[in-house]
Amino acid sequence: MTTTSQVLQGDCAEVLQSFPDQSVDLIVTSPPYADRRKNTYGGIAPEKYVEWFLPRSAEFLRVLKPSGSFILNIKEKAENGERHTYVLELILALRQQGWLWTEEYIWHKRNCYPGKWPNRFRDAWERCLHFTKERKFTMNQEAVMVPMGDWAGSRLKSLSKNDVVRYDSQVGSGFGKNIANWLERPMAYPTNVLHLATECGNKNHSAAFPQNLPEWFIKLLSNPGDTVLDPFVGSGTTLKAAHELGRNGIGIDLSAEYCDMAREAAGKQLALMEEPAIYGQKP
Ligand SMILES: C[S@@+](CC[C@H](N)C(=O)[O-])C[C@H]1O[C@@H](n2cnc3c(N)ncnc32)[C@H](O)[C@@H]1O
């Protein structure tokens, strides 16, 4: 399947205004996290973060198809001895904006750096918030199944009576289960915790995520030929993953340098595109 990738330079709030309504199947992105350091890209103060984010997410909501999903990789820092609440406030504000907060996946960073902090332990996870427009959306659960693994050998061998027979729970909630159904199956559905190393190929960007992070969500939440948008594309990890999985990719970044990096990452086919097919801006 032939796919296209485009990288557009600018503030995603402005660039997206030229996109048609409901033209994107999936948004996977990691925006600048709130930070007081002015010299980092973004450098948005935590207490201004929601106000900064909402005009951008309004555009995401407009361009996303009703069957689409928006994956937001984000994590709040600790400040003055406690975790900042801006991500929690953002979740509430996005719900007010019209998004459904469908799920929260946890990216467990398997190889985070060792360290010692006075009030807490090293931070080994980030949020991947899953927002949708509708309760029913594209979700290919079979595409991300995992080997049953040790669980089958240990837990399943010592099934209790309640596990084996389908039953309504003892509190009469009507909730049934039949774990024994899984005994013969080699594959299971994954949990909402993704155990991924932080290593990534795009070492020229200070905050690149590993390619298997966008890959997992692209497989799960879109179909081949669909269009995946990363409005804070950085070094282009999402575009690379989209291209390799047969999806069309669109990336936006403020920085010309990162746009070049993203074009490189997405594949040489970008150079072949004289005129971008859909959105009327030169890559
Ligand atoms: C956390 S990084 C993304 C890293 C990316 N996931 C990767 O794998 O390389 C956030 C990016 O957002 C860009 N950025 C910041 N504000 C932006 C805005 N208003 N519109 C578009 N891009 C923006 C920054 O230049 C930075 O490259």
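Probe 1.4 Å, all protein chains in place: accessible area of W125 in Å², nearest 10?
Estimated to the nearest 10 Å², W125 gives 90 Å².
Where the only charges are on Cβ atoms (+1 Lys, Arg; -1 Asp, Glu), what is the dipole of the stretch 1-144 about its Cα centre, to the nearest 20 debye? Present the calculation step by step, with values, prior to reporting the outcome.
Numbers: 20 positive and 18 negative charges, 97 e Å.
That gives a dipole near 460 debye.
Order E134, E59, most accessible first, counting only protein heavy atoms with a 1.4 angstrom probe.
From most accessible down to least: E134, E59.
Using label points projected 7 Å from each Cα along Cα→Cβ, tell me how many nm separate M1 and T102, to one decimal.
1.8
For an R0 of 30 angstrom, estimate the FRET efficiency from the Cβ-Cβ distance between Q17 and W125 and round to the nearest 0.05.
Efficiency for this residue pair is about 0.30.
As a test of reading the structure, rank S206, S222, S154 by solvent-accessible area (1.4 Å probe, protein chains only), most first.
Values: S206 100, S222 0, S154 75 Å².
Putting S206, S222, S154 in descending order of accessible area: S206, S154, S222.
Quick one: how many Å² of H243 are accessible to a 1.4 Å probe, rounded to 10?
70
What does the highest-first list of 246-255, 96-105 look like by mean Cβ count within 10 Å?
246-255, 96-105
Ignoring ligands, DNA and RNA, how do C112, C12 rank by accessible area with a 1.4 Å probe, largest first?
If we order C112, C12 from most to least accessible, we get C112, C12.
The values are calculated or read from the model by the stated rules, or taken from the named source; none is laboratory data. Owing to the predicted nature of the structure, the values given are computational and were not obtained by experimental measurement. Cβ atoms come from the backbone with ideal geometry, glycine included; neighbour counts cover every protein chain shown. The accessibility values were calculated without ligands, DNA or RNA, using every heavy atom of the protein model including side chains. Shrake-Rupley method; radii C 1.70, N 1.55, O 1.52, S 1.80 Å.
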